[in-house]
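Worksheet: the structure to be examined is printed underneath.
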Amino acid sequence: VQYGLWLQRLVQLDFGDSFSSGGRPVIDKISERLPVTLGINLASLLLILAVATPIGVISAVRQNTWLDRSLTVIVFLAFAIPGFWLALLCMVFFGVQLGWLPISGLHSPGAQHMAWGPWLADLAHHLVLPVVLSAFAGIAGFSRYVRSNMLEVIRQDYILTARAKGLAEHTVITRHALRNALLPVITLLGLSIPGLIGGSVIFETLFGIPGMGQLFYNSVLMRDYPVVMGILVIGAVLTLLGNLLADLAYAWADPRVRRGLAS
C-alpha cells in the first residue's frame, strides 16, 4: 500500500519531504542541485568527444606505428588509474602546491557581487578539475571505440573507391570514414550517462560541489530515504532520456536507419 501511494505521488513529482532539519520538499532540494550535475556531465561528454575522437582517429590511421603503440599504452594506463586517487593527486598538485586551480566549491568568496563575465570565468575556473577528471576515464574508453570502428570502416570498399577517385586523404578520413565510424559511438554516449551520474557522486563530494551527487552522498549518510529515492528516480529518468536521445541521434545520423523506420 505504501509503495502504491508513493507511485501515485511520483506521477505528480511529489517525492515527499526530507527527513533532515527543516523538512523541505525533496523535489525542491533536487531542483536546486540538478542543473549543476547536468552541466558538469554535459561538459564532460563534450570534452570526451573532443579529445577521444582525434586520439582514436590518429591511432587507426597510424596503425601499428610507434605513435599508435604509444597512445595505446597511455590510454590503457589512463583507463586503469582510479578516478578518486587521481583527483586527490591533482588537488594536491594543482590546487595546493601550485595554486593554479581551486579545489572546492563552484565560486570564489564574493562571487555574487561580480559582473556576468567575471562570474562565468570564475565558475569555469572552478570547474576545470572536476570536468577534466570526470571525463578522464571516458576519454580512454571512447578513444578505443573510435579506433576499432575506424579500423573497420577504412577497410570498406567505399573507402577504397573514394581513394581511387583521387580524393585527398584528409577528405577520405574526415568526410567518409569518420562520419560512419562515429555512429556506434553515438549510442555509447547515451549508455555512458549512468556512469557519469555515478561518478558525480565521487567528484562532487571530493570537490565540495553542491550537485546531485553530493546531495545523494549526504542523504545516504543521514539515512534521508525520501531524498535518496528521489535522486535514484531522477537518475533513472535521465538514463532513459539519454538512451532515447542516442537512438534518435543515431537515426538522424544514419539514413539507413531512417529508411528502415519508414518502411
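Between a residue in segment 71-89 that is over 19 Å from Val57 (Cα atoms) and any residue that is of a type in the set (Val, Ile, Thr) and open to solvent by 90 Å² or more (accessible area, probe 1.4 Å), which pairs come within a Cβ distance under 6 Å, given they are 6 or more apart or on different chains?
none
Output the number of the condition that Ser21 fails; it satisfies all remaining conditions of (1) more than 15 Å from Gly230 (Cα to Cα); (2) in a helix (DSSP H, G or I).
With respect to (1) more than 15 Å from Gly230 (Cα to Cα); (2) in a helix (DSSP H, G or I), Ser21 is out only on (2).
So which pairs qualify, if the first residue must be in segment 19-32 and farther than 12 Å from Met212 by Cα, the second must be of a type in the set (D, E, K, R) and not in a loop (DSSP other than H, G, I, E, B), the Cβ gap must be under 6 Å, and the two must be at least 6 apart or on different chains?
These pairs meet every condition: Gly23/Asp17; Pro25/Asp17.
Just the residues that are in contact (Cβ under 8 Å) with a residue 40 or more places away in the chain and charged (D, E, K, R), please, taken from segment 96-149.
Arg144, Arg147
Here's the yes/no breakdown for (1) modelled with pLDDT of 85 or more; (2) assigned to a helix (DSSP H, G or I); (3) in contact with a Ser or Thr (Cβ under 9 Å, 6 or more places away or on another chain); (4) among the small types (Gly, Ala, Ser):
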site	(1), (2), (3), (4)
Leu67	yes, yes, yes, no
Ser70	yes, yes, no, yes
Val73	yes, yes, no, no
Cys90	yes, yes, no, no
Phe94	yes, yes, no, no
Ser104	no, no, no, yes
His107	no, no, no, no
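Within segment 164-191, track down each residue that is of a type outside the set (A, V, I, L, M, F, W, C), surrounded by 15 or more Cβ atoms within 10 Å (Cβ to Cβ) and free of Cβ contacts under 8 Å to residues at least 24 places away in the same chain.
His176
So which residues in segment 124-146 are out of contact with any helix residue (DSSP H, G or I) (no Cβ under 8 Å at 6 or more places or on another chain) and open to solvent by 40 Å² or more (accessible area, probe 1.4 Å), if there are any at all? Even if it seems obvious, please write down each step before you answer.
Keep residues of segment 124-146 that are out of contact with any helix residue (DSSP H, G or I) (no Cβ under 8 Å at 6 or more places or on another chain), which gives 124-126, 128.
Correct list: Ala124, His125, Val128.
Can you tell me which residue among Val75, Val92, Val96 is β-branched (Val, Ile, Thr) and surrounded by 14 or more Cβ atoms within 10 Å (Cβ to Cβ)?
Val75
Suppose we filter Leu13, Leu7, Leu45 for residues that are open to solvent by 80 Å² or more (accessible area, probe 1.4 Å) and either within 30 Å of Phe207 (Cβ to Cβ) or of a type in the set (A, V, I, L, M, F, W, C) (or both); which single one remains?
Leu13
Test of understanding: among Ala80, Ala121, Ala50, which residue is more than 19 Å from Ile139 (Cα to Cα), within 23 Å of the chain's Cα centre (by Cα), open to solvent by 50 Å² or more (accessible area, probe 1.4 Å) and of a type outside the set (Lys, Arg)?
Values: Ala80 fails: more than 19 Å from Ile139 (Cα to Cα); Ala50 fails: more than 19 Å from Ile139 (Cα to Cα).
Of Ala80, Ala121, Ala50, the one residue that is more than 19 Å from Ile139 (Cα to Cα), within 23 Å of the chain's Cα centre (by Cα), open to solvent by 50 Å² or more (accessible area, probe 1.4 Å) and of a type outside the set (Lys, Arg) is Ala121.
Do any residues in segment 232-254 that are more than 29 Å from Phe15 (Cα to Cα) and open to solvent by 40 Å² or more (accessible area, probe 1.4 Å) have Cβ atoms under 7 Å from those of residues that are assigned to a helix (DSSP H, G or I) and not β-branched (Val, Ile, Thr), where the two are at least six apart or on different chains, and which pairs are they?
Sorted first by the residue in segment 232-254, then by its partner, the pairs are Tyr250/Leu183.
With respect to the numbered conditions (1) at positive phi; (2) open to solvent by 40 Å² or more (accessible area, probe 1.4 Å), which one is the sole condition not fulfilled by Gly23?
For Gly23, the exception is condition (2).
Just to be sure, is Ile40 open to solvent by less than 40 Å² (accessible area, probe 1.4 Å), under 27 Å from Val131 (Cβ atoms) and touching a Gly at 6+ places or on another chain (Cβ under 6 Å)?
Judged against the criteria, Ile40 is not a match.
Any residue that is of a type in the set (Ser, Thr, Tyr), within 13 Å of Val57 (Cα to Cα) and in contact with a helix residue (DSSP H, G or I) (Cβ under 6 Å, 6 or more places away or on another chain) - is there at least one of those in segment 166-174?
no
Within segment 55-65, which residues are loosely packed, with under 12 Cβ neighbours inside 10 Å and either touching a residue at least 12 places away in the same chain (Cβ under 8 Å) or part of a helix (DSSP H, G or I) (or both)? Before you say what the answer is, go through the steps one by one.
Residues of segment 55-65 that are loosely packed, with under 12 Cβ neighbours inside 10 Å, as a first pass: 64.
None; the set is empty.
The values are calculated or read from the model by the stated rules, or taken from the named source; none is laboratory data. Owing to the predicted nature of the structure, the values given are computational and were not obtained by experimental measurement. Note: ideal-geometry Cβ built from the backbone for every residue, glycine included; neighbour counts use all protein chains shown. Ligands, DNA and RNA are excluded from the accessible area calculation, which covers all protein heavy atoms including side chains. Shrake-Rupley method; radii C 1.70, N 1.55, O 1.52, S 1.80 Å.
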